[in-house]
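Derivation of every value follows stated rules applied to the coordinates shown; laboratory data play no part. Fair warning: this is a prediction, and the values are worked out from it, not measured in the lab. Because the Cβ atoms are built from the backbone with ideal geometry, glycine has one as well, and the counts that use them run over all protein chains shown.
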């Protein structure tokens with residue numbers, strides 16, 4: 001199912017270079033956009049609909065997952081006409097339960113795989129891990145790359161690893177987590193993005209949420225530029241998911257501004273852009289209620305999960 | 001699923017207007033001349049209107065100073081120099097300059113709004129660039145006021161006397177700060193003339209200077225047209241002329257003061273080269289091109305108005321540049337989201353449009369994003385001319401607007417030759433990943449300021465000025481201080 005069949009694979013050691021100072025400057029410009037009134041409301045609703053509500057803990061239980069799945073479909077029932085979130089994101093062992101809970105709601109179930117979060121397992125295990133999640137009904141697979149191999153320059157290994165996982169995803173969409181906090185430089189982020197897309201990623205994703213820094217705007221911007229170049233070269237659209245650290249509406253809106261001005265409105269839907277952030281939902285809800293009632297409500301008025 | 005969910009459909013996301021409030025801004029209907037610590041009616045009895053170029057509405061009437069008014073101002077400056085400013089302790093001078101800086105900071109928002117109203121520049125820039133930099137110039141030079149002997153070791157330094165200063169309309173407040181701060185720190189007194197289209201922030205600065213308690217006559221602000229400027233230049237009791245503006249006027253000034261005792265610094269036009277090597281970080285270079293030419297509607301003497309791209313990456317850079325230009329928002333300067341505001345005046349718009357016509361007539365390929373311009377006011381969309389020749393007038397002459405010419409090159413030597421092949425030499429930009437290439441180019445480009453992997457960055461500690469027809473003398477930094485001192 002590799003959607004890049006027949007494509008010329010570039011030399012990843014020649015990925016475009018990125019100037020950090022220039023990226024910081026560009027990001028500052030996005031942050032200076034002032035999003036008010038109707039455009040703010042439109043942005044907030046968009047942000048809600050793009051969230052992947054996530055629970056990825058050792059202590060996850062069916063009970064916890066069920067509650068989160070309910071919240072995913074009923075963000076704030078006091079307010080009619082709110083969108084649902086895009087997806088719930090869980091460990092493979094919880095996919096089946098999540099799948100049952102969100103049935104018929106349009107909310108997708110995403111599963112992490114490939115020995116998330118470290119990726120330190122043999123390929124065989126990663127394949128089994130992914131196959132299990134797909135068989136359980138996952139709509140989306142969030143895999144991690146082998147950062148150690150990447151940092152030693154073994155780009156072919158990382159490419160093959162992604163391509164192999166893509167092959168067993170079937171109809172599930174593949175998100176490739178780069179764990180940019182461990183890649184450190186923007187040059188590395190750019191190169192890893194290129195590798196992931198050419199290897200067949202449907203989405204590229206910044207982080208597991210387990211490592212800091214996670215989805216900084218600088219990193220997300222670098223990945224958006226990679227997506228744009230890839231689209232211009234191959235004609236294939238790839239989605240973007242910043243994950244970790246986007247906890248408030250303002251940051252979410254700035255991210256959307258960045259997507260809007262870098263990639264265009266074609267990406268402003270949850271088919272192509274996601275936020276991996278659980279605490280974001282309530283802050284967005286709070287802002288929506290503030291915009292409509294004129295007052296901020298206490299966090300006690302919004303369900304935590 | 002037969003019907004797709006509604007929130008799955010991409011929709012256009014346009015930003016609602018986010019207008020900066022003007023309610024806190026106090027503007028008088030009529031401004032007099034600020035001479036000898038007082039607001040004085042012009043002996044010409046004439047006033048001129050200053051308008052908002054974004055909507056052509058009149059903002060205020062401003063006095064038009066004639067020879068007599070200028071004479072009054074120079075006499076006040078001379079008296080203040082002799083009796084007060086050259087006598088008080090340098091640390092006292094510093095205190096006044098610090099006080100002006102702090103008062104400006106306190107009223108930064110008001111300055112930014114007035115600057116945008118009067119000049120047409122976008123509020124984002126006046127708020128984040130012009131006003132903070134202007135304050136920083138005062139802070140920086142205040143620090144030098146009592147350390148002049150350390151600034152120039154083993155030299156005996158002395159102030160010059162009365163400085164006549166004439167500033168342009170592109171950075172009205174910032175240019176006033178560039179001129180006044182070092183002059184005062186060095187112990188001179190000042191007669192300053194702001195440009196006729198943008199006098200308001202200089203007059204607001206006069207109010208703050210008045211509030212600071214600066215002794216009367218140390219700073220005098222006279223408004224008017226070219227004749228007022230000429231009166232300052234030709235006044236026999238002025239010791240130094242500091243001018244920023246067009247090369248044409250600069251030449252007139254130089255002729256006028258030839259053979260007199262007057263010292264001068266001239267900061268004139270430019271046609272600066274922005275050079276993209278094939279190993280440059282392309283996306284950031286594109287941003288640098290945008291900042292280089294579209295910052296302040298291209299009304300920047302050091303604007304990177306000649307773009308040179310190495311041939312291997314030319315197509316990619318141009319395609320990305322066009323994409324970036326499509327996301328620029330052109331319109332009301334008071335909207336916090338506007339990227340490109342109004343052209344400063346009808347005259348300037350006509351000049352820019354004249355060049356665009358020349359470019360089209362020459363057969364150069366033009367690109368302008370499809371953006372809607374406001375119905376009233378003076379606007380010009382950001383414009384590219386591709387594949388222009390070195391001999392084209394668009395490449396040779398300063399346009400002073402959002403118009404960029406693009407040329408390609410093959411080798412480093414070729415681009416150095418072409419970049420230097422200009423009567424101007426104010427600034428240049430180099431984009432490359434290779435440090436050694438940066439140093440090679442900076443030693444060979446004949447330009448006063450050279451930026452590497454960035455463009456249009458300013459700092460009070462950094463000297464600024466040009467080669468050739470871009471003028472002489474430096475402003476900013478120690479060099480800018482030295483320009484207001486006699487050194488023995």
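Structure summary
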quantity: Dimensions in Å of the protein assembly as shown - Rg and Dmax from alpha carbons; calculated: 30.2, 93
quantity: Convex hull volume per residue in cubic angstrom - Cα atoms of the range B:113-177; calculated: 102
quantity: The range A:155-197: Rg to Rh, with Rh as the Kirkwood radius over Cα pairs; calculated: 1.00
quantity: Gyration tensor (Cα) of chain A, equivalent ellipsoid semi-axes in angstrom; calculated: 30, 24, 16
quantity: P(r), alpha carbons of the range A:170-248 - 10 Å bins starting at zero, rounded %; calculated: 20, 55, 22, 2
quantity: Separation between Cα centres of the range A:8-29 and the range B:455-474, rounded to whole Å; calculated: 30
quantity: Contact order normalised by residue count of the range B:272-366, Cα under 8 Å, 6+ apart, percent; calculated: 25
quantity: Kirkwood Rh (inverse of mean 1/r, distinct Cα pairs), chain B, angstrom; calculated: 23.3
quantity: Taking the range A:123-214 and dividing mean pair separation by its residue count, relative contact order in percent (alpha carbons under 8 Å, at least six apart); calculated: 31
quantity: Taking N as its residue count, the alpha carbon Rg of the range B:1-154 over 2.2 N^0.38 Å; calculated: 1.58
quantity: Of A:170, A:58, A:43, the one that fluctuates the most in a GNM where chain A has Cα springs shorter than 10 Å; calculated: A:58
quantity: Fewest-first sequence of A:249, B:345, B:462 by Cβ atoms within 10 Å of each Cβ; calculated: B:462, B:345, A:249
quantity: Hull volume in cubic angstrom per residue (convex hull over the Cα atoms of the range A:132-207); calculated: 77
quantity: Sum of -39500 (n - 2.57) over DSSP H runs of 4+, divided by residues of chain B (222 nm, nearest 500); calculated: -11000 deg cm²/dmol
quantity: For A:143, A:286, order by how many other beta-carbon atoms lie within 10 Å, fewest first; calculated: A:286, A:143
quantity: Residue exposure sequence - B:87, B:271 - by fewest surrounding Cβ within 10 Å; calculated: B:87, B:271
quantity: Pairwise centroid distance, computed over Cα atoms, of the range B:226-274 with the range B:396-428, Å; calculated: 25
quantity: On Cα atoms only, tilt of B:435-444 relative to the major axis of chain B in degrees; calculated: 50
quantity: Among beta bridges that DSSP assigns inside the protein assembly as shown, antiparallel share in %, nearest 5; calculated: 25
quantity: The range B:333-488: Rg to Rh, with Rh as the Kirkwood radius over Cα pairs; calculated: 1.01
quantity: The range B:273-465: relative contact order in percent, alpha carbon pairs under 8 Å with at least 6 residues between; calculated: 28
quantity: Within chain A, helix-based [θ] at 222 nm, where runs of 4 or more DSSP H residues each add -39,500 (n - 2.57), nearest 500; calculated: -14500 deg cm²/dmol
quantity: Over the range A:231-280, equivalent-ellipsoid semi-axes from the Cα gyration tensor in Å; calculated: 22, 12, 8
